[in-house]
Amino acid sequence: MTIKPTPTKTLTEPEWLAKGPFGEIPKTLAEFEALASQAEEDLKKPLDPSTFVRVVMGRPKKGEDPAPSKTKTVRLPLTLLEEIQAQAEAEGISFNALLRAAAAEYLSRHRGA
């Protein structure tokens, strides 16, 4: 018996940019206002400190226990990669520190959604 792999669709860069990294981009004023209204409602919800993620930059101090971490390779569109690098340089932080902070912020906003 031969198992055929399920075909997958990879978004090209223009498709990815049109869709947006976190979902459909609002195309009408009504869609934008609905999204803004949802964001305002989310901001009114109380924060749950158990969902906070601590992001520490740099190496741990001598004698400190480092948080466990793992290396992961990701593929990014070239324009997004360049924007991340430029933002990291503008903030004076490393590329990896910016990605860790962005991931932590995303998770804190969308955990349990």
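Annotation note: of SER108, SER94, the sole residue that is surrounded by 12 or more Cβ atoms within 10 Å (Cβ to Cβ) and more than 14 Å from the chain's Cα centre (by Cα) is SER94. Annotation: of all residues in region 70-101 being of a type in the set (Lys, Arg) and outside any helix (DSSP H, G or I), the one that is nearest to PRO60 (Cα to Cα) is LYS70. Of all residues in region 35-46, those that are assigned to a helix (DSSP H, G or I) have Cβ atoms under 7 Å from Cβ atoms of residues that are modelled with pLDDT under 80, 6 or more apart or on another chain, in LEU35/PRO26.
Of all residues in region 67-81 being closer than 16 Å to ALA97 by Cβ and of a type in the set (S, T, N, Q), which is modelled with the lowest pLDDT? Among those that are closer than 16 Å to ALA97 by Cβ and of a type in the set (S, T, N, Q), it is SER69.
The values are calculated or read from the model by the stated rules, or taken from the named source; none is laboratory data. Please read all numbers here as calculations on a predicted model, not as lab measurements. Note: ideal-geometry Cβ built from the backbone for every residue, glycine included; neighbour counts use all protein chains shown.
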